[in-house]
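Engineer: Pasting in a structure now, in structure tokens, and then I'll have a few things to ask.
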Amino acid sequence: MTAFVSNITIQLPQWLSEFMAGDDRVYADSESRMQLAIHLARLNIEHGSGGPFGAAIFDMDCHTLLAAGINLVVPSNCSMAHAEMIAISIAQKKLGTFDLGAEGLPHFELVTSTEPCAMCFGAIPWSGIRHLSCGARDEDARAIGFDEGPKLPDWKEALNERGITVEADICRDEAAAVLKSYAELNRKIYNARQS
């Protein structure tokens with residue numbers, strides 16, 4: 001018989017906590033913000049702490065980092081532990097609200113090293129994020145074997161209709177190269193159902 005679970009915890013690797021502590025830099029342009037997300041994905045591979053995906057949430061007014069996220073699916077045994085979900089969760093905990101778009105808060109941008117999968121796409125409007133910036137494309141993640149799930153063909157327009165602007169292909173080649181390097185290292189491509 002399985003024991004009752006009374007708490008769900010996702011442990012962040014120490015290097016990520018140290019990385020976020022004291023980062024008060026200004027990331028003035030979309031490329032520098034994307035470079036941070038790509039760097040997080042690369043560090044996650046180097047540390048062996050998860051998959052090849054990084055994300056960060058920035059204050060859109062002052063362009064400072066609010067939260068950083070990395071993919072922690074395998075070490076946490078939790079399919080929801082995608083980089084975007086980790087970054088959103090950290091931001092919500094730091095601000096003490098589930099609504100990052102609440103009155104009185106600045107607007108926030110989610111920067112992802114790869115376009116969001118179906119799950120992360122769904123979480124974006126619910127989180128209150130106002131702008132999404134993407135590096136590699138969905139097809140780049142699929143090319144190395146990840147299942148990104150079914151997403152609306154016009155997903156960018158669907159977010160725009162909800163007041164969330166989208167910018168894509170920022171540093172795409174560099175972001176896609178991180179995905180390829182992960183595959184070349186023969187790291188785990190985790191899909192619940194292989195076809």
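The values are calculated or read from the model by the stated rules, or taken from the named source; none is laboratory data. Owing to the predicted nature of the structure, the values given are computational and were not obtained by experimental measurement. So basically every Cβ, Gly included, is an ideal-geometry build from the backbone, and we count neighbours across all protein chains shown. For the accessible areas, the whole protein counts, side chains as well, though only heavy atoms, and no ligand, DNA or RNA atoms are used. Shrake-Rupley method; radii C 1.70, N 1.55, O 1.52, S 1.80 Å.
Engineer: Going Cα to Cα from LYS180, which lysines come in below 29 Å? Please leave out same-chain ones fewer than 8 positions away.
Structural biologist: Partners found: LYS151, LYS156, LYS188.
Engineer: Moving on to the next point. Along the charge dipole of the chain, Cβ charges K/R +1 and D/E -1, which of ALA168, PHE4, ASN44 sits furthest on the positive end?
Structural biologist: Most positive-ward Cα: PHE4.
Engineer: Here is a follow-up. With the contact rule set at Cα under 8 Å and sequence spacing of 6 or more, what percent relative contact order holds for the chain?
Structural biologist: Computed value for the chain: 18 percent relative contact order.
Engineer: In nanometres, what is the gap between the two model label sites at ASN191 and CYS62, each 7 Å from Cα along Cα-to-Cβ?
Structural biologist: The two pseudo-label positions are separated by 4.4 nm.
Engineer: Would you calculate, for the chain, the mean residue ellipticity at 222 nm contributed by helices, counting each DSSP H stretch of 4 or more residues as -39,500 (n - 2.57) and dividing by all residues, to the nearest 500?
Structural biologist: -11500 deg cm²/dmol
Engineer: With +1 assigned to the C-beta of every Lys and Arg and -1 to the C-beta of every Asp and Glu, and no other charges, what is the dipole magnitude of the stretch 7-112 about the Cα centre in debye, to the nearest 20?
Structural biologist: Taking the Cα centre of the stretch 7-112 as origin, the dipole is about 340 debye.
Engineer: For the chain, modelled as a Gaussian network with Cα springs under 10 Å, which listed residue fluctuates most, LYS180, LYS94, LYS156?
Structural biologist: Sorting by GNM fluctuation, first place goes to LYS94.
Engineer: For the stretch 25-184, report the accessible area per residue in Å² (1.4 Å probe, heavy atoms, rounded to an integer).
Structural biologist: Heavy-atom accessible area per residue stands at 43 Å².
Engineer: Is the chain best put as rounded, prolate or oblate by its Cα gyration tensor, with a ≥ b ≥ c the root eigenvalues, rounded for a/c under 1.5, and otherwise prolate when a/b is larger than b/c, oblate when not? Provide the component values of the computation, followed by the final result.
Structural biologist: Working: a/c = 1.28, a/b = 1.16, b/c = 1.11.
Rounded, since a/c falls under 1.5.
Engineer: In debye to the nearest 20, how big a dipole does the chain give about its Cα centre with +1 on each Lys and Arg Cβ and -1 on each Asp and Glu Cβ?
Structural biologist: Numbers: 16 positive and 26 negative charges, 140 e Å.
Computed charge dipole of the chain: roughly 680 debye.
Engineer: Select from PHE108, PHE121, PHE19 the residue whose mean-square fluctuation is largest in a Gaussian network model of the chain (Cα-Cα springs shorter than 10 Å).
Structural biologist: The residue that fluctuates most here is PHE19.
Engineer: For the stretch 46-195, with the dipole built from +1 on Lys and Arg beta-carbon atoms and -1 on Asp and Glu ones, taken about the Cα centre, which of SER127, GLY101, VAL74 lies farthest toward the positive end?
Structural biologist: VAL74
Engineer: For the chain, with a Gaussian network of springs between Cα atoms less than 10 Å apart, report the residue from VAL111, VAL26, VAL73 with the top mean-square fluctuation.
Structural biologist: Top of the fluctuation ranking is VAL26.
Engineer: Now, a different point. According to the square roots a ≥ b ≥ c of the eigenvalues of the Cα gyration tensor, what is the shape class of the stretch 37-95, taking rounded for a/c under 1.5, prolate for a/b larger than b/c otherwise, and oblate for the remainder? All intermediate terms of the calculation are to be shown ahead of the outcome.
Structural biologist: Working: a/c = 3.02, a/b = 1.52, b/c = 1.99.
Cα axes put the stretch 37-95 in the oblate bin.
Engineer: What's the carbon and sulfur percent of the stretch 25-184's accessible surface, probe 1.4 angstrom, rounded to a whole number?
Structural biologist: About 52 percent, which is the carbon plus sulfur part of the accessible surface.
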